[in-house]
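Q: Got a structure for you, questions after.
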Amino acid sequence: MIAASMRPALADGVERRMAQDFAGKVAIVTGGASGMGAAAVGLLVERGCKVAIVDLNAERGAALAGETGDGAAFFRCDVGEADEVEAMVKAVTDRFGRLDILFNNAGKGHLELTPDMAIETWRAMIAVNLDSVFYVSKFAIPHIRAAGGGAIVNTASVDGMAADYGMGAYNAAKGGVVNYTRSLALEAAPLNIRVNAVCPGWISDTPMTAHMARNPEISEVWSRSIPMGRGGHAIEVARMMVFLASDDASYVTGAIIPVDGGLTCQTGFPNPRDAMAKR
């Protein structure tokens, strides 16, 4: 038990609430119809939040919204198109009356070497993975500010912290998300808006990675590269996203947090004990 004199003082008007209670709050989750986005939607709704599920997959998004009762609504939007994003944010705030939380989670991967990549492919990858973070934040921040402040959580990647072979466009975009998160945190702090990023590693149960996880050879090799010895699950990333959006993270902004089973904490050199054991 922490002595009362040692507890951090709370700002005027702020009451202690149950951890991660989002009652009365509204969130936008882009890429919310599947994977980490869908897992985050579920956690937010469970904690009392009203959620706008934003995605291009209307069938999956509408189905997920239907499963939540009145906890969520689906909004179809190409987040790589600024005009669509502006209209979507207006529709969300018209529907729910406010906006407190934004999860910039939409993204897609692409494996192709630079000389072989079409310029249109490069632009499309930057649009969905990086431009979208700017577009949605641009139009959402005035509403979050009007609600008294809140939180933005960007889904970057370990590929934004280091590079993977053949993933140049994805690496570039996610690297941009990492540093843009820091920049936006500086801008938004005076507005009482916190901005952080999660950097998932190999998450084996998302549409982007499930086909690789089903391949035993790929799964085995990738698992060996991770200190925890396995791929992660979408819900494990979603829990971190929800934590960062909650009052439990009230003094956390500008943070870039790997959720990767320890993948990025190593240099890449092999365990010397393994080499010595083979002598």
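Q: Give all pairs with beta carbons closer than 8 Å in which a residue from the stretch 233-255 that is closer than 16 Å to residue 185 by Cβ meets a residue that is among the charged types (D, E, K, R) and crowded, with 20+ Cβ neighbours inside 10 Å; count only pairs at least 6 apart in sequence or on separate chains.
A: 244/194; 249/194; 250/194; 252/194; 253/194
Q: Could you run through the stretch 142-160 and say how many residues are open to solvent by less than 40 Å² (accessible area, probe 1.4 Å) and farther than 20 Å from residue 256 by Cβ? Before you say what the answer is, go through the steps one by one.
A: So in the stretch 142-160, the residues open to solvent by less than 40 Å² (accessible area, probe 1.4 Å) come out as 144, 147, 149-160.
Those left that are additionally farther than 20 Å from residue 256 by Cβ: 144, 147, 149.
So the count comes out to 3.
Q: Still on this structure: Going through 163, 172 one at a time, which residue ends up being farther than 30 Å from residue 97 by Cα, modelled with pLDDT under 95 and either more than 14 Å from the chain's Cα centre (by Cα) or buried (at least 19 other Cβ atoms within 10 Å of the Cβ) (or both)?
A: Working: 172 fails: modelled with pLDDT under 95.
Just one listed residue meets the conditions, 163.
Q: Contact list please: Cβ distance under 6 Å, first residue in the stretch 172-201 and part of a helix (DSSP H, G or I), second residue charged (D, E, K, R) and open to solvent by 10 Å² or more (accessible area, probe 1.4 Å), pairs at least six apart or on different chains.
A: Partner pairs satisfying both residue conditions: 174/159; 191/145.
Q: If residue 196 passes every condition in (1) closer than 19 Å to residue 247 by Cβ; (2) open to solvent by 30 Å² or more (accessible area, probe 1.4 Å); (3) of a type outside the set (Ser, Thr, Tyr) but one, which one does it miss?
A: (2)
Q: Follow-up question, since we're still on this one. Got at least one residue in the stretch 102-114 being under 20 Å from residue 177 (Cα atoms), open to solvent by less than 60 Å² (accessible area, probe 1.4 Å), among the aromatic types (Phe, Trp, Tyr) and outside any helix (DSSP H, G or I)? Walk me through it before giving the result.
A: Step one: filter the stretch 102-114 for residues under 20 Å from residue 177 (Cα atoms), giving 102-111.
Then drop every residue that is not open to solvent by less than 60 Å² (accessible area, probe 1.4 Å), which leaves 102-107, 109-110.
Now narrow it down to the ones that are among the aromatic types (Phe, Trp, Tyr): 103.
Pick out the ones that are also outside any helix (DSSP H, G or I) and you get 103.
Yes - at least one qualifying residue is present in the stretch 102-114.
Q: Please tell me if residue 76 is closer than 22 Å to residue 130 by Cα, in contact with a helix residue (DSSP H, G or I) (Cβ under 8 Å, 6 or more places away or on another chain), in contact (Cβ under 8 Å) with a residue 12 or more places away in the chain and among the basic types (Lys, Arg).
A: Taking the combined requirement at face value, the residue satisfies it.
Q: So which residues in the stretch 115-137 are without any contact (Cβ under 8 Å) to a residue 40 or more places away in the chain and assigned to a helix (DSSP H, G or I), if there are any at all?
A: 115, 116, 119, 120, 123
Q: Would you pick out the residues in the stretch 24-74 that are hydroxyl-bearing (Ser, Thr, Tyr) and either in contact with a Ser or Thr (Cβ under 9 Å, 6 or more places away or on another chain) or closer than 18 Å to residue 154 by Cα (or both)?
A: If the condition is that a residue be hydroxyl-bearing (Ser, Thr, Tyr) and either in contact with a Ser or Thr (Cβ under 9 Å, 6 or more places away or on another chain) or closer than 18 Å to residue 154 by Cα (or both), then 30, 34 are the ones that fit.
Q: Of the residues that sit in the stretch 28-55 and are in a loop (DSSP other than H, G, I, E, B) and without any contact (Cβ under 8 Å) to a residue 60 or more places away in the chain, which one is farthest from the chain's Cα centre (by Cα)? Break it down into steps so the answer makes sense when it comes.
A: So in the stretch 28-55, the residues in a loop (DSSP other than H, G, I, E, B) come out as 31-34, 47-49.
From what is left, the residues that are without any contact (Cβ under 8 Å) to a residue 60 or more places away in the chain are 33, 48-49.
Numbers: 33: 13, 48: 20, 49: 17 Å.
Among them, the one singled out is 48.
Q: If a residue must be on the phi < 0 side of the Ramachandran plot, modelled with pLDDT of 95 or more, assigned to a loop (DSSP other than H, G, I, E, B) and not aliphatic (A, V, I, L, M), how many such residues does the stretch 235-268 contain?
A: Summing the residues that are on the phi < 0 side of the Ramachandran plot, modelled with pLDDT of 95 or more, assigned to a loop (DSSP other than H, G, I, E, B) and not aliphatic (A, V, I, L, M) in the stretch 235-268 gives 4.
The values are calculated or read from the model by the stated rules, or taken from the named source; none is laboratory data. Given the structure is predicted, the values throughout are model-derived calculations rather than measurements. Counting neighbours? That spans all protein chains shown, and the Cβs are built from the backbone with ideal geometry, glycine included. Surface accessibility is based on the protein's heavy atoms, side chains included, excluding ligands, DNA and RNA. Shrake-Rupley method; radii C 1.70, N 1.55, O 1.52, S 1.80 Å.
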